[in-house]
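Okay, so here's the structure we're looking at.
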Amino acid sequence: MSSDRISEYLTQFSQTRSLMLEQLRRVIIGQTDVVEQILAAIFTRGHCLLVGVPGLAKTLMVSSISQILDVSFKRIQFTPDLMPSDITGTTVLEELETGRREFRFVKGPIFANIILADEINRTPPKTQAALLQAMQERQVTVGQETYNLPDPFFVIATQNPIEQEGTYPLPEAQLDRFMFHIKVDYPGIEDERRILAATSKDEVQELTKVLSAKAIANMQRLVRSVPVGDYVIDYALRLVRATRPKDPTAPDFVQKMVDWGAGPRAGQFLIQGGKALAAMDGRFSVAVDDIKKSAIPVLRHRVSTNFQAQADGKTSEDIIRQLLEVIGDPEPPKYERRRKV
């Protein structure tokens, strides 16, 4: 594909993203970074974990995004009594007209393009684990059969950070399946005033479909084709390796305050996130700033702090911010023009 053709596609991509944001702003007020990160994950086939206190429109945000995408959407409310078969589906014994009986698989809600896993930490580990294969291999195995999930497929989970009773924290292996850990914070004063004014009116906003499943797949291919320079890859590599306390490049504060750091998947997600941010901005290549912008949502749940960090009042987010200050920007390669002899 020629560079002119790619530039043309990227311009269309940027326009489509603006159209999506325009539709979402009719329902979602503020939360610009959160929406941008969710869209970046969708365009890179990634999954998201939204964490925030109740009442911050996490569920509304996901359902609104599903309304502007012409794909199937299912919401699963995770509760302590939810069973794995309630998610994946179950095999039933069916009697045919001939009198013969046979087993038939009835698909569960996981067989949709967008899955909203609401309050994912309120269900036991056995049920949480039902999502592991789906999120990684995009398949579901029931009995002797393995079924492919529809394409595209995204899991967007929500979690309440302040509820402790009756919750089951996600294990690290499952957290690592999420591309982004997105923190949904309180709105600013002006945004909150607009929210109160908008919700006091008896109006229902109808959202327009912007993208089909085929268009999403084409955009995902376009994002994968965005080039990444070696110096950007080196920066992502240095950043990820610096989070590991036993790595020789790790700064002193990481060695003291971190139990374990990010794995190779974090580097992959940093670069994919950088590609999505560049493409959504209509740019032809990934900049170091794109990697920095992806750093906190990608690394937040992959850096485990210890008691020393807690004693100093430091969170994993503080450690990542400190790392971004310590690790200097790489110098882009210099191309010298050769003289003709």
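The values are calculated or read from the model by the stated rules, or taken from the named source; none is laboratory data. Quick caveat: nothing in here was measured; it's all calculated off a predicted structure. Glycine gets a Cβ as well: all are built from the backbone with ideal geometry, and neighbour counts include every protein chain shown. Heads up: the accessible areas ignore ligands, DNA and RNA and are worked out on the full protein's heavy atoms, side chains in. Shrake-Rupley method; radii C 1.70, N 1.55, O 1.52, S 1.80 Å.
Values as computed for the structure displayed
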{"quantity": "Residue list for segment 266-296, filter: outside any helix (DSSP H, G or I) and buried (at least 23 other Cβ atoms within 10 Å of the Cβ)", "calculated": "Val286"}
{"quantity": "Among the candidates Ala213, Ala217, Ala173, Ala130, residue that is of a type in the set (A, V, I, L, M) and out of contact with any Pro (no Cβ under 7 Å at 6 or more places or on another chain)", "calculated": "Ala173"}
{"quantity": "Filtered residues of segment 115-139 (kept if assigned to a strand (DSSP E or B) and surrounded by 21 or more Cβ atoms within 10 Å (Cβ to Cβ))", "calculated": "Ile115, Leu116, Ala117"}
{"quantity": "Sole residue being open to solvent by 60 Å² or more (accessible area, probe 1.4 Å), acidic (Asp, Glu) and outside any strand (DSSP E or B), chosen from Glu97, Glu102", "calculated": "Glu97"}
{"quantity": "First in segment 94-110 and more than 28 Å from Gln139 (Cβ to Cβ), second anywhere and open to solvent by 100 Å² or more (accessible area, probe 1.4 Å) and outside any loop (DSSP other than H, G, I, E, B), Cβ under 8 Å, 6 or more apart", "calculated": "Glu95/Arg101"}
{"quantity": "Flag if Ile189 is open to solvent by less than 40 Å² (accessible area, probe 1.4 Å) and of a type in the set (Val, Ile, Thr)", "calculated": "no"}
{"quantity": "Selection count, segment 206-234, where residues are touching a helix residue (DSSP H, G or I) at 6+ places or on another chain (Cβ under 7 Å) and part of a loop (DSSP other than H, G, I, E, B)", "calculated": "7"}
{"quantity": "Filtered residue count, segment 224-265, keeping only those that are under 19 Å from Arg300 (Cα atoms), in contact (Cβ under 8 Å) with a residue 60 or more places away in the chain and open to solvent by less than 40 Å² (accessible area, probe 1.4 Å)", "calculated": "10"}
{"quantity": "Selection count where residues are open to solvent by 50 Å² or more (accessible area, probe 1.4 Å) and either farther than 21 Å from Pro152 by Cβ or among the hydroxyl-bearing types (Ser, Thr, Tyr) (or both), scope segment 8-32", "calculated": "8"}
{"quantity": "Restricting segment 33-79 to residues that are in a helix (DSSP H, G or I) and of a type in the set (Ser, Thr, Tyr), the residue that is surrounded by the most Cβ atoms within 10 Å (Cβ to Cβ)", "calculated": "Ser66"}
